[in-house]
Amino acid sequence: MKTDFDAVVIGAGFAGMYMLHRLRGLGFTARVIEAGKGVGGTWYWNRYPGARCDVESVQYSYQFSPELEQDWEWTERYATQPEILKYANHVADRFDLRRDIQFETRVSRATFDERDNVWLVETDRGERILARFVITAMGCLSSPNTPKIEGLADFAGPTWHTGNWPHEGVDFTGKTVGVIGTGSSAIQSIPIIAQQASHLTVFQRTANYTIPAHNRPLDPAYVAEVKAHYREMRKRAKTLPAGIDLRVNNVPAIETPEEERLRQYQERWDYGGLGFMASFNDLLLNDESNRTAADFVREKIREIVKDPKTAEILSPTNIIGCKRLCVDTGYWATFNRPNVTLVDIRDEAIERITPTGARARGQDYTFDSLVLATGFDAMTGALLKVDIRGRGGVTLKEKWGEGPKTYLGLTVVGFPNLFTITGPGSPSVLTNMLPSIEQHADWIADCLAALRDKGVSLIEPVEKAEAFWAGEVGGAANITLRSSCSSWYVGANIPGKPRVFMPYIGGLPAYIERCEAVVAGGYEGFALA
Ligand code: N01
């Protein structure tokens, strides 16, 4: 049957953009459908004050084009959201991507037609597009979570979600502001909002760990050095579980004398960033080891935060690195400011939002602007917002009723010719997203080319393979302490969401090896027709 395109790609963030580039390079026709007015995905929507990536800029970048790597200049150790968005736009221009991207359009439904083996993709503009393949590139953290707090709609002032920030920006000068949440987005924005606002009230449900960024402008000599050795750096990164080239101290904390342990933590605290968790190799495997790292950070909080009661409330009690570790600039010290109030809502949820603020712990807090830094319906949220229907009219929502199941995080039984870039069951959010995206897009592109060469029109994983992968994902999760807390990794932030550790935590090298073995085995685990 004649289709409009070989593939429809949903989303024009880094995943959709690179997918389009690869498909075009292989001579496939593709249409990318994007809800925003521009490219950039997460960096298009998350424009809150202080937004930046906490993977270092020289690593949080595409590696498919050596020319792009050499030409682009990152200016800071951790790139700001505007700089990353500029980069995304540069890539779109450089590779002439926009002509195949349809902006300001949402895919509302995608239905697999079993008779003709095609996908019918419908949009909120009323279009009906036929394609052989559907490739989702919607991001893992792109469906903002607005909690159901009583009275939220009655708040008299403006309410913003960090994940859907106004493009013209928000000036908090002279405003009184309430922030709900203390995850990465809050930890980045709170220091800046506190500097602008006349008063800031922070509502904290779970105290979080954060490590100083020690962000700085990049030294041209360092950049030249990176550029001269980009290939080696990328190669090293691929050998490490998170796909980030950082120094791993491959010894257990538990077997290290206390003095040396503290020296190691201090060195990494001074260096800054996510590498703190690579101080030892057992921090996410052994409770006791983990406690040594957590104690170190709690001690830092006590040193920085002057009021002991506030320091105590800010001190996390859970496993460090269980929820996503944060990276900050001046977060703890912000709570020494006289214009900042911390409200501990761990044991008592906010009673209600009132027209002039919030009522919590029997007290009224007033503010004229409200910031919801309340995160996302992670990994499955964006996928399930689209009405995706596979064989027999079964929806993806029905299929994933008890939690997502995929083969390699890339494909789903009952949904032939559907690929999910960085889908649940992939390492994605536990890794540097850019190389993970490229690995997925490359795998999909190569797969489509192989199918074409073989004259195969249909690919679908078999039950056994999907069950095997679910076992691998669950098995890997059970070994680590990361599955032990109420994080978005397990869907705990969304009431009613099945509690399943969604990403694959076995590490990028093991994952890549598996993906390559599947191909070498003639697409082992898939039925080809
Ligand atoms: O969201 P979060 P985020 N009442 O889910 C609280 C990536 N990211 O946008 O922990 C009160 O982490 C919630 O409390 P609790 C990164 O992967 C990266 O900050 O559920 N509070 C929590 O404190 C990150 O992990 C970067 O108890 C409520 C907060 O809101 C992910 O995105 C920057 C509540 C949500 O924290 C998500 O980060 C930013 C309620 N009803 C984000 N509901 C960088 O690269 C939720 N909360 C730097």
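Summary of computed values
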read-out	value
Between region 1-60 and region 223-286, the alpha-carbon center distance in angstrom	30 Å
Nearest-20 debye value, the chain charge dipole, Cβ charges on Lys, Arg, Asp, Glu	700 debye
Estimated distance in nm for a label pair at E168 and I479, the labels positioned 7 Å out from Cα along Cα-to-Cβ	5.3 nm
Sequence-distant aspartates and glutamates (8 or more away, or on other chains) whose Cα lies within less than 19 Å of K405	D377, D387, E460, E463, E466, E472, E524
Listed residues G41, A12, M1: farthest to the positive end of the dipole of region 1-74 (Cβ charges)	M1
Cross-link reach list, lysines versus K2, counting only Cα pairs under 27 Å and skipping chain neighbours closer than eight places	K454
In order through region 43-60: 3J(HN,Hα) via Karplus (6.51 cos²θ - 1.76 cosθ + 1.60), integer Hz, x for Gly, Pro	7, 7, 8, 8, 9, 5, x, x, 5, 7, 8, 9, 9, 4, 4, 5, 9, 8
Gain in span if fully extended, D442 to K2, counting 0.36 nm per residue against the direct Cα distance	155.8 nm
DSSP-loop GluC sites (Glu not before Pro) across region 426-524, with at most 14 other Cβ within 10 angstrom	E524
Phi-based couplings in Hz for region 420-437 (Karplus 6.51, -1.76, 1.60; Gly and Pro marked x)	10, 5, 6, x, x, x, 9, x, 3, 5, 9, 10, 5, 4, 4, x, 5, 4
Tensor-based shape of region 477-529 (alpha-carbon gyration tensor, a/c under 1.5 rounded, otherwise prolate or oblate)	oblate
Computed label-point distance, nm, for sites K385 and A224 using a 7 Å Cα→Cβ extension	4.6 nm
Length-normalised contact order for region 309-382 - Cα pairs under 8 Å, 6+ apart - percent	15 percent
Stretchable slack from E73 to N339, in nm (0.36 nm times residue separation minus alpha-carbon distance)	92.0 nm
Shape category assigned to region 384-529 from the gyration tensor of Cα positions, a/c cut at 1.5	oblate
Amide H contacts of E76 (H built 1.01 Å from N, under 5 Å, at least 5 apart or other chain)	L218
Packing-based order for 236-247, 380-391, using average beta carbon neighbours within 10 Å, highest first	380-391, 236-247
Using distinct alpha-carbon pairs, which all enter the 1/r mean, Kirkwood radius of the chain in Å	24.1 Å
Per residue value of the accessible surface for the chain (all protein chains in place, 1.4 Å probe), Å²	41 Å²
Backbone HN-Hα couplings from phi across region 114-122 [Karplus 6.51/-1.76/1.60, Hz, Gly and Pro as x]	5, 6, 9, 6, 10, 9, 9, 9, 10
Gyration tensor (alpha-carbon) shape descriptor, region 1-130, a/c threshold 1.5	prolate
Estimated inter-spin distance, Q195 and R346, nm [label 7 Å along Cα→Cβ]	3.0 nm
Centroid-to-centroid separation of region 95-137 and region 326-396 [C-alpha atoms, Å]	32 Å
Cβ charges +1 (Lys, Arg) and -1 (Asp, Glu), total dipole of region 334-423, debye	380 debye
Lysines with Cα under 25 Å of K300, excluding same-chain neighbours fewer than 8 positions away	K309, K323
Mean separation of Cα contacts under 8 Å, 6 or more apart, over the residue count of region 414-529: relative contact order %	36 percent
Interchain or long-range residues, amide H under 5 Å from I211's placed H	C326, V327, D328
Residues with amide H under 5 Å from that of F526, placed H, sequence gap 5 or more	V462
Mean separation of Cα contacts under 8 Å (6+ apart) over length of the chain, as relative contact order %	19 percent
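The values are calculated or read from the model by the stated rules, or taken from the named source; none is laboratory data. Computed from a prediction, not measured in an experiment: that's the story for all the values here. Every residue, glycine among them, receives a Cβ derived from its backbone with ideal geometry; neighbour counts consider all protein chains shown. When the accessible area is computed, the model is the full protein with side chains, heavy atoms only, and any ligands, DNA or RNA have been set aside. Shrake-Rupley method; radii C 1.70, N 1.55, O 1.52, S 1.80 Å.
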